[in-house]
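Just so it is clear, none of the values below were taken in a lab; they were calculated from the coordinates. Note that the coordinates shown come from a computational prediction; the quantities given were computed from them, not determined experimentally. In this analysis, Cβ positions are derived from the backbone assuming ideal geometry, glycine residues included, and neighbour counts consider all displayed protein chains.
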């Protein structure tokens, strides 16, 4: 009976060790994939001279980029907006934060430029004119989608604020 108990205990330890090893390998594979995907994204955006992006990513930064691009704010990450802007309502954090939070773009544009977001988007001024005409070029369909995304981010921000979560 004693040998039977030892064998069962040994078997339980082996199974637990295998499960832990598999979980560790899966985590390492996920981290390696995050590093690969995030590095490719950042390198692609840097080719377009998007400012504010790091030259080399740490594993933590790669994991953050991967998380941000898989969430509601993924579009802002994929397009490179997060090089300069946070989109706090979606947890998107810029490396440089040299531009305003895009969660507030709808009200911010009106306050700073005296224009509605749609008007500003069609004819940007200042830094955004350079960004939109030289760095982040969009098709008409992408431009329309950008306005939808900006409006939704603002609406989601307002809803979170009303609910007391922001």
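Values computed for the structure shown
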quantity: Residue 138 paired with residue 29, simple spin-label distance in nm, labels 7 Å along Cα-to-beta-carbon; calculated: 3.7 nm
quantity: Segment residue 145-residue 130, length gained on full extension (0.36 nm per residue, minus Cα span); calculated: 3.4 nm
quantity: Separation in nanometres of the label points that stand 7 Å from Cα toward Cβ, at residue 119 and residue 163; calculated: 3.3 nm
quantity: Using a Förster distance of 22 Å, the FRET efficiency for residue 78-residue 111 (Cβ separation, nearest 0.05); calculated: 0.20
